[in-house]
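Comments concern the structure below.
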Amino acid sequence: LRTFSDNGEEIFGCSFDPRAEGLARVKEFVTQSNARGPLSAGAGVRNYTKQLKEKLGIQDITLYGVPDTSRVARVLIEADYRMKLIGIGKMDAGKNIPSYFDLLAQESNQSGMNLEALRWWLTMKYDSVLHNPQRTAYQVVGSSVLCQSENQIVTKEGERLRTGQAEKLNREFAANFTEHYQELAEQDLVYADLQNIFDLALVAALMRNEQLANRAGWEMTAFAANGAYRPAEFEPAHTVDTVVNHRVFNGKDVVVQVAGGVRVDTNSVVKNQQNLKVSPEVGAVSAQSKAPALPVGRWWWDLAN
């Protein structure tokens, strides 16, 4: 509610940002390693992986729209980090969401670069928002989470350049993640939590966009921007271990480094009139949900079946 108040940003999310100097070191390291030929098994591979992490260093966490001490911030960061671990094969999400390396291994024409700079991020995905003619009752349809992807280019100086495009395997990983998100949420509750946050954010945005609190005569008091209610606070996270992994394909080291984040832009849903549709069914529900006679001080009631 506070994010979508008069002084709120009306958008929130997080991103993991690799440092340019680390990317520059890794790019040079990978090029030199491939020039020397294939790695030796065992200790050679372990040493290579260790050096990769050391040269790349940590990533900075950028958080916006919600307090960095909030539980919402923790869920955004955790969901984003786990998605990237899944993508580089360091966390198992099940057979329906194979890692990028698994997809690369299945590709007959493996044309991966020495250093693959991938960007994966999670956004909102809704089919529509239905409402009655009076716009007093709403139903969110097709709630889910969308994983998007992009290939980026790393310059010699370590700068990541956006391309606005994603190659086939990158798109395939994102599509699998989106299609099987509900399965993932059942086995890893952080993803169920993330979807709930998306849904609540959409409801809060609808309340603001449709002026529902004003129309209902609710001043929000304790829940307002400067209200008395204070949610629990947690230790904020400002940096995170780098998300990087590598495999050897056709005698060549392919290193994948991932950036990205979570972006919750509710305006893309609630301010798009094509998403808002009148529904007779929602109108029928609203007619059945009028408040009965309530005891003094009671503001809530159960909807009759």
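Throughout, read-outs are computed from the coordinates displayed, never taken from laboratory work. In this text the structure is predicted, and so the values were computed from the model without any measurement. Cβ: placed from backbone, ideal geometry, glycine included. Neighbour counts: every protein chain shown.
Relative to the longest principal axis of the Cα atoms of the chain, the long axis of helix 168-179 makes an angle of roughly 30 degrees. Once both labels are positioned 7 Å from their Cα atoms along Cα-to-Cβ, the gap between R162 and R71 label points is 3.3 nm.
Taking Kirkwood radius over Cα pairs in Å as calculated from this structure, the corresponding entry among (i) 19.7; (ii) 21.8; (iii) 22.9 is (ii). Angle check, please: helix 189-209 long axis (alpha carbons) against the longest principal axis of the chain (alpha carbons), in degrees 0 to 90, nearest 10. Helix 189-209 sits at roughly 50 degrees to that axis.
Sorting S5, S143 by the number of Cβ atoms found within 10 Å of their own Cβ, with the fewest placed first, yields S143, S5.
Helical content alone sets the calculated 222 nm signal of the chain at -11500 deg cm²/dmol, taking -39,500 (n - 2.57) per DSSP H segment of four or more residues and averaging over every residue. Label-to-label distance for T62 and D302 is 4.8 nm, based on points extended 7 Å past Cα in the beta-carbon direction. Each residue of the range 211-305 gets 287 Å³ once the volume of the Cα convex hull is shared out per residue. Can you bin the range 200-245 into rounded, prolate or oblate? Criterion: square roots of the alpha carbon gyration tensor eigenvalues sorted a ≥ b ≥ c, rounded for a/c under 1.5, prolate for a/b above b/c, oblate for the rest. Note, shape of the range 200-245 comes out oblate. Could you pull out the pairs from K50/K95; K84/K277; K53/K125 whose alpha carbons sit more than 30 Å apart here? Correct reply: K84/K277; K53/K125. Based on the Cβ-Cβ distance from A222 to V248, what FRET efficiency comes out when R0 is 45 Å, to the nearest 0.05? Taking R0 as 45 Å, the efficiency between A222 and V248 is 0.20. Counted over the chain, the DSSP beta bridges are approximately 75% antiparallel.
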